[in-house]
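Working notes, beginning with the structure itself.
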Amino acid sequence: MSLRNNRLTDQEYGQQFSDIHPPFETRDAALVEANRCLFCYDAPCTKSCPTSIDVPKFIKQITTDNIKGSAYTILSSNIMGGGCSRVCPVEKLCEGACVYNLMEEEAIPIARLQRYATEKAIQEKWTLFKRMPDNGKRVAVIGAGPAGLSCAHALSRAGVAVTIYEKESKGGGLMTYGIAAYKVTPAFCEDEVNYITSLGGIEVKYNQELGKDISLDTLQRNYDAVYLAFGVGLTRQLEIPGEHLEGVADAIRFIYAIRTAGYPTVSVGDKVAVIGMGMTAIDAATQAKRLGAEEVTLIYRRTQQEMPCTTAELEIARLDGCRVIWLATPAEIRGENGKVTTLICQVMKLGEADESGRRQPVPTDETITLQVDMVIKATGQTPFEQLVNGHAIEHHKGKISVIDKSVTNLTGVFAGGDCVNGGKEVVDAIQAGKDGAKEILQFLLEKQA
Ligand SMILES: Cc1cc2nc3c(=O)[nH]c(=O)nc-3n(C[C@H](O)[C@H](O)[C@H](O)COP(=O)(O)OP(=O)(O)OC[C@H]3O[C@@H](n4cnc5c(N)ncnc54)[C@H](O)[C@@H]3O)c2cc1C
Ligand code: SF4
């Protein structure tokens, strides 16, 4: 057993990482689905969308071939509506709320219809938004992820000149560097970022890291306001013996390598254990399998009822041949010659519920031994402690504290997205960016008065 790269042919890699939710093949196929929509009053699909996209309206516009209007309806609520149509866990959001579920019929494929409308807008570079005249105000945004881009777009539309400082060489945040390639490709992410910034009034300074190349104090002095949207950091440590062995990987780094270095260069084991059961764990497990691992086992300390990923995501992992061990937690990693050979897990049982009502896993005397050559840790991300610790900015467990939606304790400094909520979904970060822009505009107005 050993970690190896270049396990498949180029063609096989291409097949393994192809689009998991392909678009409609024809206009007619999209129209058939759009015409099934009941255009519900007080539509539950819209209510369940964190960015409140007017779903029945954009679907109606598709039925009348008004694709530009449809794209405008989507993008005016969610400027990353194209990306969200590929990555949103729609089964627990809009599609999960569609009234067809109550009739035990297939929900309207809202995400595919949203993709149908927005793909054209991005591909054909439609100009759907215009900036208001420049109002002389300047705002710095830290991070070109969904929250930062959404905030920047809304501010720029209102006439503010925005400078985004991004530590990576590309924008998009985890859309570009984190989410599995079979959901959204790096090429699409690049097109989407370019589409958003093509509005004008948004300058992105890449390879510029807060805390290293720039400081918050300087930004506060040079700009009218600052919006922090730097997301969350690397995977939490397991704090168990053997974590240092070769073959133990951080899920975020593993996925980052797949997204940036190219599939053949990324090493994967024959027998892989993935610790965790969130979206990151599923993405790491399925991609390990698609890179050529023979066996992939997801290990989760609770049961299926408590898992953070959706049933649809679990299904993707199962269809890829990944197996799951419920009620087990890693206790020790053993190795030979510095390389992982064995994972020992403690068997758990569910105990009393805590104040949130969630039953807590408690260890039993039993253990399970797995012969593995790779352990991927996907047990949640730790906030960028060092970024917030050095400043007078209030935070709790590394997450920036805000009053209202994005106002921090520092005058003129706002924050949103994963760095505030600790890690949710793209669509939540987009809404956070919109809320941030609204509060910044209010602040700029009051400052002027
Ligand atoms: C593996 C994985 C899979 C996921 N899958 C999904 C999914 O399928 N669907 C979904 O909806 N959500 C998914 N998510 C969650 C989603 O990606 C995030 O909630 C969302 O990207 C948060 O947006 P954000 O803008 O707050 O942060 P990010 O996307 O993290 O963007 C933050 C940006 O700030 C930059 N930055 C960080 N530090 C600094 C600094 N010091 N200076 C300057 N720039 C900095 C980063 O490079 C990055 O570009 C996934 C997350 C992970 C980790
Ligand atoms: S709930 Fe379903 S049927 Fe009703 S408007 Fe939304 S998508 Fe259409």
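The values are calculated or read from the model by the stated rules, or taken from the named source; none is laboratory data. Every value quoted in this text rests on a predicted model; they were computed, and no experiment measured them. Cβ placement follows ideal geometry from the backbone for every residue including glycine, while neighbour counts extend to all protein chains displayed.
Out of the stretch 182-216, which residues are out of contact with any Ser or Thr (no Cβ under 9 Å at 6 or more places or on another chain), aliphatic (A, V, I, L, M) and more than 9 Å from ligand 1 (Cβ to nearest atom)?
A187, L216
Among the residues that make up the stretch 314-332, is at least one of them in contact with an Asp or Glu (Cβ under 8 Å, 6 or more places away or on another chain), of a type outside the set (A, V, I, L, M, F, W, C) and more than 27 Å from E246 (Cα to Cα)?
Within the stretch 314-332, not a single residue is in contact with an Asp or Glu (Cβ under 8 Å, 6 or more places away or on another chain), of a type outside the set (A, V, I, L, M, F, W, C) and more than 27 Å from E246 (Cα to Cα).
For every residue, the table says whether it meets (1) polar (S, T, N, Q); (2) at positive phi; (3) within 16 Å of ligand 2 (Cβ to nearest atom); (4) in contact with a helix residue (DSSP H, G or I) (Cβ under 6 Å, 6 or more places away or on another chain).
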residue: P363; (1), (2), (3), (4): no, no, no, no
residue: Q371; (1), (2), (3), (4): yes, no, no, no
residue: I393; (1), (2), (3), (4): no, no, no, no
residue: G398; (1), (2), (3), (4): no, yes, no, yes
residue: V413; (1), (2), (3), (4): no, no, no, no
residue: E425; (1), (2), (3), (4): no, no, no, no
residue: D428; (1), (2), (3), (4): no, no, no, no
residue: K438; (1), (2), (3), (4): no, no, no, no
residue: E446; (1), (2), (3), (4): no, no, no, no
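Tell me the residue from L155, L113, L174 that is buried (at least 16 other Cβ atoms within 10 Å of the Cβ), within 16 Å of ligand 2 (Cβ to nearest atom) and touching a residue at least 40 places away in the same chain (Cβ under 8 Å), please. Outline the logic, then answer.
On the way: L155 fails: within 16 Å of ligand 2 (Cβ to nearest atom); L174 fails: within 16 Å of ligand 2 (Cβ to nearest atom).
Criteria check complete, one pass: L113.
When the stretch 191-237 is examined, which residues are found to be more than 13 Å from V162 (Cα to Cα), part of a loop (DSSP other than H, G, I, E, B) and touching a Lys or Arg at 6+ places or on another chain (Cβ under 6 Å)?
E209
Sort out which residues of the stretch 34-61 are under 12 Å from A117 (Cβ atoms) and in contact (Cβ under 8 Å) with a residue 40 or more places away in the chain, and write them in order of number.
A34, I53, V55, F58, I59, Q61
Hey, does the stretch 78-99 have a residue that's without any contact (Cβ under 8 Å) to a residue 12 or more places away in the chain, away from ligand 1 (no atom under 16 Å from the Cβ) and either surrounded by fewer than 16 Cβ atoms within 10 Å (Cβ to Cβ) or part of a helix (DSSP H, G or I) (or both)? Show your work before the answer.
Quick first cut of the stretch 78-99, residues without any contact (Cβ under 8 Å) to a residue 12 or more places away in the chain only: none.
No, every residue in the stretch 78-99 fails to be without any contact (Cβ under 8 Å) to a residue 12 or more places away in the chain, away from ligand 1 (no atom under 16 Å from the Cβ) and either surrounded by fewer than 16 Cβ atoms within 10 Å (Cβ to Cβ) or part of a helix (DSSP H, G or I) (or both).
With the structure loaded, tell me whether A147 is touching a residue at least 12 places away in the same chain (Cβ under 8 Å) and surrounded by 24 or more Cβ atoms within 10 Å (Cβ to Cβ) or whether it fails that test.
On the way: touching a residue at least 12 places away in the same chain (Cβ under 8 Å): yes; surrounded by 24 or more Cβ atoms within 10 Å (Cβ to Cβ): yes.
The answer is yes for A147.
Residue by residue, here is whether (1) within 22 Å of I53 (Cα to Cα); (2) of a type outside the set (D, E, K, R); (3) part of a strand (DSSP E or B); (4) within 15 Å of ligand 1 (Cβ to nearest atom) holds:
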position	(1), (2), (3), (4)
A107	yes, yes, no, no
Q114	yes, yes, no, yes
K125	yes, no, no, no
R131	yes, no, no, no
G148	yes, yes, no, yes
H153	yes, yes, no, yes
E168	no, no, no, yes
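Looking at (1) at pLDDT 95 or above; (2) within 13 Å of ligand 1 (Cβ to nearest atom), can you tell me which one G233 breaks?
With respect to (1) at pLDDT 95 or above; (2) within 13 Å of ligand 1 (Cβ to nearest atom), G233 is out only on (1).
Just to verify a result, which residue in the stretch 238-251, among those that are outside any loop (DSSP other than H, G, I, E, B) and within 10 Å of I376 (Cβ to Cβ), is farthest from ligand 2 (Cβ to nearest atom)? Working first, answer last.
As a first pass, look at the stretch 238-251 and keep what is outside any loop (DSSP other than H, G, I, E, B): 246, 248-251.
Remaining after also requiring within 10 Å of I376 (Cβ to Cβ): 248-251.
Working: V248: 44, A249: 40, D250: 39, A251: 34 Å.
Taking the candidates together, the pick is V248.
Within the stretch 54-66, can one find any residue that is away from ligand 2 (no atom under 16 Å from the Cβ) and farther than 20 Å from A312 by Cα? Spell out how you get there, then give the answer.
The initial filter retains those residues of the stretch 54-66 that are away from ligand 2 (no atom under 16 Å from the Cβ), namely 65-66.
Right, trim to farther than 20 Å from A312 by Cα and you get 65-66.
Yes: one or more hits.
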